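Okay, so here's the structure we're looking at.
Please treat every number below as a calculation from the coordinates, not as lab data. As the structure is a computational prediction, the values presented were derived from the model and not from experiment. So basically every Cβ, Gly included, is an ideal-geometry build from the backbone, and we count neighbours across all protein chains shown.
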Amino acid sequence: MKKRKQEQSGSRRAFIKHSAVASSFYIVPRHVLGGLGYTAPSDQLNLAAIGSGGKGRSDIKNASVEGRERVVALCDVDFAGSAKASVENFPKAKLYADYRQMLDQEKDIDAVTISTPDHVHAPAAVYAMERGKHVYVQKPMTNNIKEARILTEMAREKRIVSQMGNQGGSNPLLGMVQKWVDSGNLGKISKVQVWTNRPVWPQGFAMPEPDASKKPEALDWNLWLGPAPMIPYTPEIHPFNWRGWWDYGTGALGDVGCHLIDIPFRTLGLKYPTDAECSVGSVYTQMWNADYHPEGCPPSSFITLHFGATTKSKSPIELTWSDGGIRPAHPEIIPADHDIGGSNSANGVLIIGENGIISTNINDSSPLMPKFYLNDGTTEFGPETEPNDEPEYGHHRKWVDACKAGFGSPEHKALTSSFDYAGPMTETVLMGNLAIRSYMLRRENSSGKMEFYARKKLLWDGENTRITNMEEANQFVTRTYRKGWEV
């Protein structure tokens with residue numbers, strides 16, 4: 001029945017277009033009847049939001065394209081929180097706490113934005129795609145590598161128009177960086193350095209005690225936990241600091257890795273890394289014994305990934321990532337009074353070739369600030385500020401247009417972060433987290449002391465999503481799901 005309804009909806013739109021052409025001598029143009037820019041109800045996309053507060057507020061608002069599209073439903077586990085702004089923006093939308101009920105009851109939904117905490121991205125996206133809904137999923141695409149592969153393959157199999165919410169991928173200034181890379185003037189590119197000042201939320205300590213008495217009255221805590229184990233309400237996790245705990249978030253890498261690593265991954269045409277290794281910052285609250293909290297992300301980390309040569313990068317590349325405010329040394333070629341990366345050198349990317357360096361800022365909605373330095377003194381700088389006629393570079397609007405044009409359309413193929421691209425890139429970002437979690441594996445040795453046995457370079461088979469030289473590390477490729485929330 002559902003399939004028939006979808007076919008009828010598609011046929012209805014096709015009939016309208018065909019009729020308009022066949023009867024062009026008799027039909028008055030829509031813009032005359034409804035005003036310039038008018039979109040007939042039959043041509044509007046029916047949108048819904050899963051996660052309507054926080055980033056979800058701007059995601060569904062931008063996807064509505066200033067009211068051009070119809071928002072028919074909103075889902076959130078707490079409409080008394082920041083999601084109440086979306087209710088005010090879309091007063092006619094039906095409200096749901098459980099996205100499963102929303103998608104099962106609202107049969108006319110065409111596409112959904114998914115802006116939940118990271119651990120619910122994949123369960124919600126799978127549930128939506130199984131029902132033929134196009135999906136816009138906030139970065140990182142998923143909580144773990146296996147989920148990213150599942151979503152990538154499902155979108156292709158079910159002909160879903162997808163987009164990940166790393167809006168900087170639609171920044172037109174990336175074309176300047178791409179031009180510099182493609183020019184060959186950098187010579188052989190062998191190294192990329194990426195860094196961030198994240199985490200800027202509490203991280204690196206033991207999980208605080210639960211306190212159910214502090215749970216907001218309107219919050220459905222069971223639904224918020226989703227696939228994660230059932231625990232009493234813990235104020236430290238909700239509503240934002242979940243980013244620092246593996247059951248829910250993906251740390252600094254998940255927060256901005258899909259913005260920063262996106263730049264070299266995209267412009268250099270990188271594929272899956274061949275290996276990963278890391279070290280993490282330690283906190284000592286007692287002499288000689290580092291605090292041990294494997295359930296949460298560390299205060300800082302340093303990751304090294306290697307990539308094989310590609311058509312755009314003719315030689316193997318080493319990419320390093322550092323977070324917690326640790327950044328690379330200032331390159332000699334860049335004047336000492338110039339920031340590297342973005343303002344105050346807080347976040348950035350350096351693409352390093354034998355003849356020079358490209359420096360850029362974080363690629364979210366911050367100015368990209370691209371700079372090109374050659375050893376011979378040649379420089380070229382992009383603008384410090386960016387004129388932008390659309391919210392977030394039109395990233396949402398382009399996805400909506402592609403949904404209306406259909407899977408495989410030119411609009412779909414022009415998307416900068418459909419899952420065919422965003423999936424492998426997200427897997428690369430999450431490889432860093434796999435290395436961090438493996439680094440914390442320990443066991444008791446024959447002397448009765450705890451030893452960390454996985455602190456080595458991990459060899460990665462990207463096609464088969466497996467670590468080949470440390471079987472225990474493969475547990476972090478996926479996760480254990482609470483019953484009813486499996487992916």
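In table form, for the structure just shown:
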item	result
Test item: Cα-centred dipole of the stretch 132-256, Lys/Arg +1 and Asp/Glu -1 on Cβ, debye	680 debye
Span per principal axis, largest first, for the Cα atoms of the stretch 256-320 (Å)	51, 21, 15
Listed residues Asn171, Leu415, Met450: farthest to the positive end of the dipole of the chain (Cβ charges)	Leu415
DSSP beta bridge pairing in the chain, given as percent antiparallel to the nearest 5	60 percent
Where the Cα pairs of the stretch 295-431 fall when distances are cut into 5 Å bins, in %	2, 8, 13, 16, 18, 17, 14, 8, 3, 1
Calculated on alpha-carbon atoms, Rg and Dmax of the stretch 35-159 in Å	14.1, 48
Pairwise label distance in nanometres, Asp108 with Val87, each label 7 Å out on the Cα-Cβ vector	2.3 nm
Modelled FRET efficiency - R0 60 Å, Glu157 with Gln286, Cβ distances, 0.05 increments	0.70
Pairs of alpha carbons in the stretch 333-404 whose separation is greater than 16 Å (percent)	56 percent
Cα pair distances in the stretch 184-266, grouped into 10 Å bins until the bin that holds the longest one, percent each	15, 37, 24, 14, 7, 4, 0
Which of Asn347, Val194, Ala309, positive extreme of dipole for the chain (C-beta unit charges)	Ala309
Net charge dipole size for the chain [Lys, Arg +1 and Asp, Glu -1 on Cβ; Debye, nearest 20]	1580 debye
Size of charge dipole - the stretch 203-330 - debye, nearest 20, with Cβ of Lys, Arg +1 and Asp, Glu -1, no other charges	640 debye
Where Rh is the Kirkwood radius over Cα pairs, Rg/Rh for the stretch 143-200	1.09
Solution diffusion estimate, µm²/s, Stokes-Einstein, the stretch 97-255, Kirkwood Rh from C-alpha pairs, 20 °C, viscosity 1.002 mPa s	118 µm²/s
Residue (of Asn185, Met431, Val65) at the positive-pole extreme of the chain, dipole from beta-carbon charges	Val65
